[in-house]
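Q: First, the structure itself, so that you have it in front of you.
Each value in this text was obtained by applying a stated rule to the coordinates, not by laboratory testing. On a predicted model such as this, the values are computed, not experimentally measured, just so you know. Quick reminder, even Gly has a Cβ in these numbers, built from the backbone with ideal geometry, and neighbours come from all protein chains shown.
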């Protein structure tokens with residue numbers, strides 16, 4: 001006979017709570033404000049419960065980064081799957097993933113804090129760069145004009161994303177849409 005007082009453990013739910021708590025702390029004070037004690041307290045779990053999922057602050061931050069990166073990767077691959085034109089497909093998928101469904105204001109705060117951390121933490125930068133090396137390979141035999149177009153598209157996509165991230169109001173929605181259309185055209189040249 002099982003007691004109604006025994007709580008069923010839900011590791012996925014607890015892990016998500018911990019990551020959400022860590023993101024909230026990062027949002028408020030950057031990665032330096034993240035401690036295992038603070039995250040455990042914010043998530044409403046014991047430090048031991050947190051350490052069951054993440055043995056160190058670095059592993060917790062890595063998981064937070066990976067979760068945010070995975071959302072983008074999933075979007076990128078979904079855009080690849082729905083694009084029937086192989087020519088420039090990866091560049092278009094990257095563009096579409098970067099400019100579609102902007103993050104909420106709260107998510108943007110967390111992203112800004114993580115991006116800020118990437119500026120000063122070489123390991124975080126390296127993980128971000130490595131995550132795209134496989135998906136955005138240059139073609140065989142050197143750099144082709146299509147490769148250059150893909151690189152331009154990726155860099156411009158990053159700029160649009162960054163502009164959204166910092167809530168830049170410098171370009172109108174019409175101009176932004178025209179830039180996106182031109183980048184899409186560039187991937188087809």
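Q: Roughly how many nanometres apart are two label points built 7 Å out from the Cα toward the Cβ at residue 70 and residue 120?
A: Here the answer is 2.8 nm between the modelled labels.
Q: Sticking with this structure for a sec: Given a Förster radius of 22 Å and the C-beta distance between residue 189 and residue 82 as r, what FRET efficiency does 1/(1 + (r/R0)^6) yield to the nearest 0.05?
A: Efficiency, rounded to the nearest 0.05: 0.55.
Q: Another question, then. Please compute the modelled spin-label separation between residue 177 and residue 35, points set 7 Å along Cα→Cβ, answer in nm with one decimal.
A: Modelled inter-label distance: 5.0 nm.
Q: Calculate the spin-label point distance for residue 147 paired with residue 57, positioning each point 7 Å from the Cα along the beta-carbon direction, and give it in nanometres.
A: 4.1
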